[in-house]
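Written out below as C-alpha cells is the structure these notes cover.
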Amino acid sequence: MLLWAGIAFLAVSIACFGIDRRASHFLYDRVSSRQWRLLDSITHLAKASHWLIAAIIVLIGTQWAMAHRGASPGLALASQCAVAFIASLAIGSLILHTIKLFFGRRRPRDDFEMGLYGFMPFCFDLQYNSFPSGHSLTITCVAVIASAVWPMWAPLWFAIALGLAMVRALLTAHYLSDVFFGIGVGLLSAREVVIHWLPALKQPWF
C-alpha cells in the first residue's frame, strides 16, 4: 500500500507543475498575516533536525539502558524505531538533496518578491532548493515509523503528516509539487528501510 501511495504522490507532484505558480499565488493572497504566524509556529514540528536529535538521543539511551539494565521488548522497539527513522531520513535526504541540486528550483517567495520563477540545474546555490520539500520528507518518515508501532492510529499519523506538509505550501515556502514529491520520497524511503532492514516493524499493508 505504501509503495503505491508513494508512487501516487510522485505522480501527483509531477502533475502539479502545471498549476504550481497559480496555486501558490492563490494561497498567498488568502492566508492572512495572523494565519501565517500560526502556521509558521507549527511548521517547525516537521523540521528534520528536531526529529533527528530526538532519534539519536533515544538510540543512545536505549542502547545504554539495554547494556546496563538488560534488554526488554520496549527498549528494543524504541531502539529499532530510532534506527529506522535515522536510516529513512538519511536515504530520503540523499535522494532529496540530489534532486534539489539537479533541478535547482527557486522558492515561491522569489516569484512574489522579484518575479523570478523557474529552475537552474546544478546551480549549487541554496536559493535554488525548493524542490522537493525536506519538511514533507521528514514528517512522512515519522508517520510511517509511528504507524509501524501503533498501526491502529495510522490514519491519524498520516493525516497529521499530510497537514504539516501542506503547511509548507500554505506558507508559500514550497510549491505544491515540492510538498507532494517530498511526501512520496518519505513514504518510499521509510517503507524500504522497514521492509528490508527492520522487518520486525513491518505491517502487512506496508
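What the table below lists for this structure:
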| quantity | calculated |
| --- | --- |
| Of all accessible heavy-atom area on the chain, the percent that carbon and sulfur account for (1.4 Å) | 72 percent |
| Alpha-carbon centroid distance for the pair segment 48-105 / segment 152-176, whole angstrom | 21 Å |
| Net +/- balance of residues flanking Leu176 in space, Cβ distance below 14 Å, scoring K and R +1, D and E -1 | +2 |
| Of [x] 143; [y] 122; [z] 168, the label for volume of the Cα convex hull per residue in Å³ derived from the coordinates | [y] |
| Axial C-alpha extent at least 27 Å, average Kyte-Doolittle at least 0.0 - helices from the chain (DSSP) | 48-69, 73-103, 176-197 |
| Cβ-Cβ FRET estimate between Ile42 and Gln127, R0 fixed at 30 Å, reported to 0.05 | 0.75 |
| Hull shadow area, averaged, segment 17-130 [alpha-carbon convex hull, nm²] | 9.9 nm² |
| Protection proxy ranking, peptides 188-201, 62-75, 132-145, 39-52, average beta carbon neighbours within 10 Å, highest first | 132-145, 188-201, 39-52, 62-75 |
| Additional length obtainable on full extension of the chain from Gln63 to Arg21, 0.36 nm per residue less Cα span | 10.4 nm |
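The values are calculated or read from the model by the stated rules, or taken from the named source; none is laboratory data. Everything numeric in this text was worked out from a predicted model, so none of it was measured. Cβ: placed from backbone, ideal geometry, glycine included. Neighbour counts: every protein chain shown. Side chains included, ligands, DNA and RNA excluded: accessible areas come from the protein's heavy atoms. Shrake-Rupley method; radii C 1.70, N 1.55, O 1.52, S 1.80 Å.
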